[in-house]
Structure formats: structure tokens, C-alpha cells
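What follows is a set of notes on a single structure, which appears directly below.
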Amino acid sequence: MKWPRASATVAALLTFALAGCHPAAVPLTVGSSAAVATPSSSELVAIVRAAVEDRNGTVLDNPPAPRLRDGQTTAAYRAKRERDLSVVTRSKSGFKSTGFWYTSFSTTIAVESIDVSGSQASVRFNELTEEYLASSANGPSSVPSGYSLPQTATFLASADGWQLDSIAPSVHGHGLPMSVVEG
């Protein structure tokens, strides 16, 4: 009659032992009692794409409404974007005073790598953007200007999910697009 009890003990031990064999199903604990799942690459890339398009939209004569929600970004990211916006606005005004302004853009994001380590993640990507200009002398142009810019986005895990903390160009100095403000 010891057989059913031994089976129950083996089953309990086996269940306990196998519980650690599924790391993808175990949530990541981040600085509190809340747990955050490992991010999917599509989730991170969608946030990067929206952030870059929001940033690029700031140079347009009629900027579109931002696509990123506050919950998708850290307070530090939002504070930097707010500081950057005043720099972009000044640059845009100076550009327009010479008779030129941007009317539209098209952006493609090419992901090079995604690294997740604990409560941090980084996405290395290349932004390919074409911008369309208009001038007071000639009106809108159908020929775009374009640029390619390698960048790294960093993410932090929070109780609300993964939040974009920064996007930084991999190249520095003069020649950056108007929408990119270093520092």
C-alpha cells in the first residue's frame, strides 16, 4: 500500500523539478513585486519605429500627432524629447526663414541586433529616411533628400512593460538630420 504514496511523492518532486525548465514562461522580476515578461522583438521594433517617426515628424511644417504613448517611454526619454523639441523648432524656423520647409517623409527601420539582458534591452538599427522639401520659390519638390543613420535604442523594464529610455546616433557631430539633437 506504499505504492500510491510513493507515486504522489515522485509526481510532486517531478513537478517541482520541471518548473525551472521553462525560462521563457517565467516572468522577469524588475525592482518590485511586479513581473515583466521578456520583450518580443516585434514589440521593441514597433516602439522604435514610432519614436523615430514621431521625432522626424517634428521637422514638418504641419507635424502629425505623436504615436508613442507615455507608458511606452521613460520620464527621462520624454524630458529629453521635450528639450529637443525647442531646438528643432528653432532650426525649423531658421530653415523656413530662408524659404524652405519639409512637407513629408518616409522612414524605414533596418534592425541590426536586439540584445536583452535582465531589465535592459538594446536595439541597434539603421534609419533610412527620405524627406520632401518645399520652397517659397518653387513649391513642393517631388525629389526627396535622404539619409541613413545608424542608432541604438535602449529600453528599461518597468511594472508597465518595456519602456524606451533613449535613442542615440552611432555617429556624432555635424551632418545629423534636423530632427536629431545630440546630448
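Tabulated values for the structure
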read-out: Residue in segment 65-90 that is nearest to residue 142 (Cα to Cα), counting only those that are touching a residue at least 40 places away in the same chain (Cβ under 8 Å), surrounded by fewer than 16 Cβ atoms within 10 Å (Cβ to Cβ) and of a type outside the set (A, V, I, L, M, F, W, C); value: 83
read-out: Segment 146-167, subset surrounded by 13 or more Cβ atoms within 10 Å (Cβ to Cβ) and over 19 Å from residue 180 (Cα atoms), residue nearest to the chain's Cα centre (by Cα); value: 163
read-out: Residue match in segment 104-114 (condition: under 20 Å from residue 175 (Cα atoms), among the aliphatic types (A, V, I, L, M) and at pLDDT below 95); value: no
read-out: In segment 157-176, residue farthest from residue 39 (Cα to Cα) [restricted to those that are touching a strand residue (DSSP E or B) at 6+ places or on another chain (Cβ under 9 Å) and not in a strand (DSSP E or B)]; value: 175
read-out: Subset of segment 121-145 that is surrounded by fewer than 18 Cβ atoms within 10 Å (Cβ to Cβ) and under 16 Å from residue 55 (Cβ atoms) - its residue that is nearest to the chain's Cα centre (by Cα); value: 126
read-out: Contacts under 7 angstrom Cβ, first residue in segment 46-64 being at pLDDT 95 or above, partner acidic (Asp, Glu), 6 or more apart; value: 52/127
read-out: Total residues in segment 106-124, condition under 12 Å from residue 162 (Cα atoms), in a strand (DSSP E or B) and out of contact with any Asp or Glu (no Cβ under 8 Å at 6 or more places or on another chain); value: 2
read-out: Qualifying residue in segment 17-35 (condition: at pLDDT below 95, exposed (fewer than 12 other Cβ atoms within 10 Å of the Cβ), in contact with a strand residue (DSSP E or B) (Cβ under 9 Å, 6 or more places away or on another chain) and on the phi > 0 side of the Ramachandran plot); value: yes
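One line per residue, one yes/no per condition, for (1) outside any helix (DSSP H, G or I); (2) touching a strand residue (DSSP E or B) at 6+ places or on another chain (Cβ under 7 Å):
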residue: 83; (1), (2): no, no
residue: 87; (1), (2): no, no
residue: 104; (1), (2): yes, yes
residue: 126; (1), (2): yes, yes
residue: 131; (1), (2): yes, yes
residue: 155; (1), (2): yes, yes
residue: 178; (1), (2): yes, no
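The values are calculated or read from the model by the stated rules, or taken from the named source; none is laboratory data. Since the structure is predicted, the reported quantities are computational estimates derived from the model, not experimental observations. Neighbour counts are summed over all protein chains in view; Cβ atoms, including those assigned to glycine, are modelled from backbone coordinates with ideal geometry.
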